[in-house]
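> Pasting a structure below so you can have a look.
What follows is calculated from the coordinates using simple rules that are stated; it is not laboratory data. Since we're looking at a predicted model, the values are computed, not measured. Cβ placement follows ideal geometry from the backbone for every residue including glycine, while neighbour counts extend to all protein chains displayed.
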Amino acid sequence: MVFQVKCPFCGEPGSVEIEPADFEPGEYVLVQDCEVCCRPWTVRIQMDPNGATTVSADRD
């Protein structure tokens, strides 16, 4: 699955690709660089027991 997020540094849109089958319900944190400004995002992935997934990108 591909999720669209906005870079917390430059504001440009970006994408985060994950495979939900690789995750159990819960919260996961990873780091990904912006494709435009190359600064690192902290990506938070939250999955509930029903499979609903939320992805966000932060500066920290």
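> Has the range 10-33 got at least one residue that is within 11 Å of V55 (Cα to Cα), surrounded by 12 or more Cβ atoms within 10 Å (Cβ to Cβ) and of a type outside the set (S, T, Y)?
Among the residues of the range 10-33, at least one is within 11 Å of V55 (Cα to Cα), surrounded by 12 or more Cβ atoms within 10 Å (Cβ to Cβ) and of a type outside the set (S, T, Y), which makes the answer yes.
> Exactly one condition in (1) in contact with a strand residue (DSSP E or B) (Cβ under 7 Å, 6 or more places away or on another chain); (2) on the phi > 0 side of the Ramachandran plot is false for G11; which is it?
Condition (1) is where G11 drops out.
> Suppose we filter the range 8-42 for residues that are among the hydrophobic types (A, V, I, L, M, F, W, C) and part of a loop (DSSP other than H, G, I, E, B); how many remain?
8
> Okay, moving on. Quickly run through the range 15-45 and pick out the residues that are free of Cβ contacts under 8 Å to residues at least 12 places away in the same chain and under 17 Å from M1 (Cα atoms).
Within the range 15-45, A21, D22 meet the criteria.
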